[in-house]
Amino acid sequence: GQQVMQIPQYQHVQEGEDFTTYCNSSTTLSNIQWYKQRPGGHPVFLIQLVKSGEVKKQKRLTFQFGEAKKNSSLHITATQTTDVGTYFCAGGNQAGTALIFGKGTTLSVSS
Amino acid sequence: GAVVSQHPSRVICKSGTSVKIECRSLDFQATTMFWYRQFPKKSLMLMATSNEGSKATYEQGVEKDKFLINHASLTLSTLTVTSAHPEDSSFYICSASQGYEQYFGPGTRLTVT
């Protein structure tokens, strides 16, 4: 079946350093979504990418969708302690259908 | 954004009893809701897709007789864990879809003793 792989599983950085998590799907996706889950919390929607090669930015976060619509990345510039949490990518097909989640990348930031 | 609530947030039950978890979309109608299970420090595993007015679609390996799902209205889906066992202890999260986006409930921590 369809799989979404995400690396790394864990990443520790010093505050101010950059961070990137990568997501790769075994099949072509119609869209990819990114979620953030704080410790003890529930996943919160960050963004959706739909177009091939799309790049979107949210302040210090940059999201990219590959040309083949099979991979994606999330890059955080100059991390802050508030960035701590687990970042999940989730591959989607049709609207209203289930997402296939990657295993997540847990980011820890030390000041 | 759209809000999804879940009740209860935490529940402790004894082995052999049943527990019902409610998932509500508060400010939008959701024809489709999803139930996920999350183990500690793990990703979300889809259990089933709940469609209003029809039977839920279960993922492979999920026992439909154990995890009963009812989607009685466009704003409410329920998950009942029947004859719960300690291995059912987990974090259960629902989501409701609106177009491509999914909005997650806050989750229910189930502990079976």
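Rounded to the nearest Hz, the phi-derived 3J(HN,Hα) couplings of the stretch A:19-32 under the Karplus curve 6.51 cos²θ - 1.76 cosθ + 1.60 (θ = phi - 60°) are 9, 9, 10, 10, 10, 9, 9, 6, 9, 5, 9, 7, 7, 10, where x marks glycine and proline.
Its Cα centre serving as origin, chain A has a Cβ charge dipole (Lys and Arg +1, Asp and Glu -1) of approximately 280 debye. From the alpha carbon centroid of the stretch A:47-95 to that of the stretch B:24-43 is 21 Å. Report for chain B the percent antiparallel among DSSP-assigned beta bridges with both residues inside it, nearest 5. Rounded to the nearest five, the antiparallel share is 90 percent. A cysteine counts as unpartnered when no other cysteine's C-beta lies under 4.7 Å of its own; in the protein assembly as shown this applies to B:Cys13.
In square nanometres, what is one fourth of the surface area of the convex hull spanned by the alpha carbons of chain A?
In nm², the orientation-averaged hull projection of chain A is 6.5.
3J(HN,Hα) couplings calculated from phi for the stretch B:57-68 with the Karplus curve 6.51 cos²θ - 1.76 cosθ + 1.60 (θ = phi - 60°) are, in sequence order, 9, 9, 6, 4, x, 9, 7, 5, 7, 8, 10, 7 Hz; Gly and Pro show x. Relative contact order of chain A: 37 percent, from C-alpha pairs under 8 Å at least 6 residues apart in sequence.
Only lysine pairs 8 or more places apart, or on different chains, with alpha-carbon atoms under 22 angstrom apart are counted in chain A, and they number 16.
Note on chain B: Rg/Rh from C-alpha atoms, Kirkwood Rh, equals 0.94.
Would you mind getting me the FRET efficiency between B:His7 and A:Thr77? Use the beta-carbon distance for r and R0 = 30 Å, nearest 0.05. With a Förster radius of 30 Å, E is 0.15. For the pair A:Asp18 and A:Lys56, a Förster radius of 25 Å applied to the C-beta separation gives a FRET efficiency near 0.90, rounded to the nearest 0.05.
Kirkwood hydrodynamic radius, computed over distinct alpha-carbon pairs, for the stretch A:23-67: how many Å, to one decimal? Over the stretch A:23-67, the inverse of the mean reciprocal pair distance is 11.7 Å.
Loop sites by DSSP among the trypsin sites (Lys or Arg not before Pro) of chain A, restricted to those with at most 13 other Cβ atoms within 10 angstrom, leave A:60-111 as the longest stretch without any of them.
Quick note: the coordinates plus some simple rules give every number you see, no bench work behind them. All of these numbers come straight from a predicted model, not from anything done at the bench. As a convention, Cβ positions derive from the backbone with ideal geometry for all residues, glycine included, and neighbour counts pool all protein chains shown.
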